[in-house]
1. Please verify whether Val232 is open to solvent by less than 40 Å² (accessible area, probe 1.4 Å), of a type in the set (A, V, I, L, M, F, W, C), within 30 Å of Glu29 (Cα to Cα) and not in a strand (DSSP E or B), treating the condition exactly as stated.
2. Where in segment 104-192 are there helices (runs of 4 or more DSSP H), lying fully within it, with 3 or more residues that are in contact with a helix residue (DSSP H, G or I) (Cβ under 7 Å, 6 or more places away or on another chain) and under 21 Å from His91 (Cα atoms)?
3. Which of (1) within 15 Å of the ligand (Cβ to nearest atom); (2) surrounded by fewer than 19 Cβ atoms within 10 Å (Cβ to Cβ) is the odd one out, the single condition Val21 does not satisfy?
4. For segment 202-218, does any single residue satisfy the condition of being open to solvent by 60 Å² or more (accessible area, probe 1.4 Å) and in a helix (DSSP H, G or I)?
5. Residues in segment 106-121: is at least one within 16 Å of the ligand (Cβ to nearest atom), within 17 Å of Leu157 (Cα to Cα) and either in contact (Cβ under 8 Å) with a residue 12 or more places away in the chain or surrounded by 15 or more Cβ atoms within 10 Å (Cβ to Cβ) (or both)?
6. Which numbered condition in (1) open to solvent by 10 Å² or more (accessible area, probe 1.4 Å); (2) farther than 30 Å from Gly266 by Cα is the only one that Leu247 fails?
7. Quick one: would you say Glu29 is open to solvent by 30 Å² or more (accessible area, probe 1.4 Å), within 16 Å of the ligand (Cβ to nearest atom) and not hydroxyl-bearing (Ser, Thr, Tyr)?
8. In the set Met81, Met65, which member is in the same structural domain as Ser22 (by the TED database), touching a Phe, Trp or Tyr at 6+ places or on another chain (Cβ under 9 Å), surrounded by fewer than 16 Cβ atoms within 10 Å (Cβ to Cβ) and among the hydrophobic types (A, V, I, L, M, F, W, C)?
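The values are calculated or read from the model by the stated rules, or taken from the named source; none is laboratory data. The shown structure was predicted, so the numbers you read here are calculated from the model rather than taken from an experiment. As a convention, Cβ positions derive from the backbone with ideal geometry for all residues, glycine included, and neighbour counts pool all protein chains shown. Surface accessibility is based on the protein's heavy atoms, side chains included, excluding ligands, DNA and RNA. Shrake-Rupley method; radii C 1.70, N 1.55, O 1.52, S 1.80 Å.
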Amino acid sequence: MLYDLELISVGKTYPDGTVAVSDFDLRVEKGEFVAFLGPSGCGKSTTLRMIAGFEEITNGEILMMSHNVTHVPPEKRPTSMIFQNYALFPHMTVRENVAFGLDVKGTPRAERDRKVERILDMFDLTAFADRKADRLSGGQRQRIALARGLVVEPEILLLDEPLGALDANLRRIIQNELKLLQRELGITFIFVTHAQSEALGLSDRVVVMSNGVVEQISPPRELYRRPATPFVAGFIGSNTLIEGAPLGAAAAGFGRLDTPVGVIEGVGRGDERLAVIPAEAFRLVPQGTPGELHLPGTVVGRHLVGAVGHLTVRLADGSDVAVETSSHRPEVRALAPGMPVTLGVDPASVTLVHA
Ligand SMILES: Nc1ncnc2c1ncn2[C@@H]1O[C@H](COP(=O)(O)OP(=O)(O)OP(=O)(O)O)[C@@H](O)[C@H]1O
């Protein structure tokens, strides 16, 4: 298999001793859209800068199209980077800003001009081409930054929170444009963000990071369905985490856990200590329905938002769980704080993880 990008056990320790990233392993196929997602300071930008070559790595290797680029300078890598503040030169015109990357690469003048005009046209920037970059709106600047990143025809486009400076409306519009553009060009995108919806909505795979460590690399849906670590379970979606003692394997692919609220079965091996239950996996069931885990509790909160009913249910051990259900169902509408309920959970929607 030929990969556009391979990070092999990549690590970064800053000179002051800060370990920003450790043992980062990732393989990215041509044309994939991969997002790095995690809280502030988890090492996303450091990793992106190491891929770009702006930051030296302290461990491991970086390969691009099977070539080792670990010690190759940024301008010689098949990458191009777009920064959060766009890093445009305010005193240069739009055309000069876009041409900049080609000038750095020493592209012959005629070829440079041809490529610049073509990309200006593609991004509807021709009308502004002679305007100074500081005389443009946020959305226009964003497009210039994209044009400037793409004009050098990179194999891999690196984007560091590129939509962070835009208001919510424009952000949504440009998200759509970005996704369409990426599909059309077939270029590999590596995108850094701390906005969950952006990472989950745009990318083919998400790398969830915390404290310089990769927690999980999965398609967005899989992060919801099968979180691999307690961090991911707490960070993505709305999950209830219940600790217990492992009881070993149950049916093939399932394990069991002895918890303060009863025995919980879920997808796993049976040696895990934590059950992760998504809020939408709980169902309200009549008392005594056979063949399922039943958690008796009391409604302590009910909040209907459109089609979704958000319930907070206090279990027998005093812990509160978040439940999402359809707000249209009469039995949900009839609920009020203080009323007893029984929650049913299908083991297939429970994931067992190591604590
Ligand atoms: N030049 C530096 N010297 C020392 N430590 C640094 C340096 N740059 C970053 N760090 C530290 O490395 C860690 C990772 O930083 P990084 O900027 O990669 O995180 P991030 O996930 O991109 O955060 P944010 O979302 O806030 O940009 C942090 O603890 C940060 O303080």
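1. Working: open to solvent by less than 40 Å² (accessible area, probe 1.4 Å): yes; of a type in the set (A, V, I, L, M, F, W, C): yes; within 30 Å of Glu29 (Cα to Cα): yes; not in a strand (DSSP E or B): yes.
When the stated conditions are applied, Val232 passes them.
2. 109-122, 138-150
3. Failed condition: (2).
4. No - not one qualifying residue is present in segment 202-218.
5. The answer is no; no qualifying residue exists.
6. Here Leu247 clears every test but (2).
7. Numbers: open to solvent by 30 Å² or more (accessible area, probe 1.4 Å): yes; within 16 Å of the ligand (Cβ to nearest atom): no; not hydroxyl-bearing (Ser, Thr, Tyr): yes.
It is false that Glu29 is open to solvent by 30 Å² or more (accessible area, probe 1.4 Å), within 16 Å of the ligand (Cβ to nearest atom) and not hydroxyl-bearing (Ser, Thr, Tyr).
8. Met65
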